[in-house]
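*Asks:* What follows is a structure written as structure tokens; I'll ask about it next.
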Amino acid sequence: MAATSQSAAAKDASDLPPPKRALTGRDAAGKSVFKSFDVTPKVVEIDSNPGLTFYELYISEGVPQLTGLEPDPMLQGTKAFPGPGGTMFRLISYPPRRPEGYKPPPGVTFESGLQELSDKIPRMGDNFDRSAPGMHTTDTVDYCVVVRGEMTLELDDGQKVHLRQGDCVVQNGTRHRWRNPLPEPCLRAFISVGGKRT
């Protein structure tokens, strides 16, 4: 019975509609308007890791000019992380914990998975440590909020914290790994601010 309810919860969570993004700007008279209210035009699904989905919401480089007339940057595509002083706003949906004995899709290897990640989100796979799957480091400060589900964060010393809905992380450019401990997806929001490593 417990297995059935867990399976139903996982199905219900994965059946939720994709999140919408309200994008504001200004009209010719300078009044605020909604430029769009829909799913972002840049949704990235990672086939080698079924269920891993990036909702690329907005990116800025340098100091925003705030004219309200800027085109939607996501129409131009995406990238792994912003440069120094830039920002990236994304939601990531992580697949449920894999059942014991799970095998990736046919032909998928660790390297081919990272290559797909970099092909779809330029240079994203470059941030991952080949000697410790999942461990990665970025030249950003990341503000992270668990929107739905739960997640475990692991650092270099092996210590872990278990994050529940509403819990937050400030990731200061340190090496880390995320793992979903539940049999249901986890949705998290990230705002990354580009920095300079010293």
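*Asks:* Hey, any hits in segment 119-127 for a residue that's open to solvent by less than 50 Å² (accessible area, probe 1.4 Å) and either farther than 16 Å from residue 82 by Cα or hydroxyl-bearing (Ser, Thr, Tyr) (or both)?
*Replies:* Filtering segment 119-127 down to residues open to solvent by less than 50 Å² (accessible area, probe 1.4 Å) leaves 121, 124-125, 127.
Of the ones still in play, those that are also either farther than 16 Å from residue 82 by Cα or hydroxyl-bearing (Ser, Thr, Tyr) (or both) are none.
No, there is no match, as no residue in segment 119-127 is open to solvent by less than 50 Å² (accessible area, probe 1.4 Å) and either farther than 16 Å from residue 82 by Cα or hydroxyl-bearing (Ser, Thr, Tyr) (or both).
*Asks:* Can you pull out the residues in segment 22-71 that are of a type in the set (S, T, N, Q), part of a loop (DSSP other than H, G, I, E, B) and either open to solvent by less than 90 Å² (accessible area, probe 1.4 Å) or over 27 Å from residue 83 (Cβ atoms) (or both)?
*Replies:* 40, 48, 49, 67
*Asks:* Do you know which of the residues in segment 82-123 that are in a loop (DSSP other than H, G, I, E, B) and in contact with a helix residue (DSSP H, G or I) (Cβ under 8 Å, 6 or more places away or on another chain) is modelled with the highest pLDDT?
*Replies:* 96
*Asks:* Is there a residue being open to solvent by 40 Å² or more (accessible area, probe 1.4 Å), in contact with a strand residue (DSSP E or B) (Cβ under 9 Å, 6 or more places away or on another chain), farther than 20 Å from residue 192 by Cα and at pLDDT below 95 anywhere in segment 129-138?
*Replies:* The answer is yes; a qualifying residue exists.
*Asks:* Suppose the filter is open to solvent by less than 60 Å² (accessible area, probe 1.4 Å), closer than 28 Å to residue 100 by Cα, in contact (Cβ under 8 Å) with a residue 12 or more places away in the chain and in a strand (DSSP E or B); does residue 182 pass it? Don't jump to the end; show me each part of the working.
*Replies:* Values: open to solvent by less than 60 Å² (accessible area, probe 1.4 Å): yes; closer than 28 Å to residue 100 by Cα: yes; in contact (Cβ under 8 Å) with a residue 12 or more places away in the chain: yes; in a strand (DSSP E or B): no.
Taking the combined requirement at face value, the residue does not satisfy it.
*Asks:* So for segment 93-106 (the condition being open to solvent by 70 Å² or more (accessible area, probe 1.4 Å), within 15 Å of the chain's Cα centre (by Cα) and either under 19 Å from residue 151 (Cα atoms) or touching a residue at least 40 places away in the same chain (Cβ under 8 Å) (or both)), does at least one residue qualify?
*Replies:* no
*Asks:* Another question about this same structure. Can you tell me which residue among 147, 193, 161 is open to solvent by 30 Å² or more (accessible area, probe 1.4 Å) and farther than 19 Å from residue 91 by Cβ?
*Replies:* 161
*Asks:* If you check 108, 193, 141, which single one turns out to be over 30 Å from residue 62 (Cα atoms) and among the β-branched types (Val, Ile, Thr)?
*Replies:* Going through 108, 193, 141 in turn, the sole match is 108.
The values are calculated or read from the model by the stated rules, or taken from the named source; none is laboratory data. Everything quoted here is computed from the prediction, not taken from an experiment. Please note: Cβ atoms are built from the backbone with ideal geometry, for glycine as well, and neighbour counts cover all protein chains shown. The accessibility values were calculated without ligands, DNA or RNA, using every heavy atom of the protein model including side chains. Shrake-Rupley method; radii C 1.70, N 1.55, O 1.52, S 1.80 Å.
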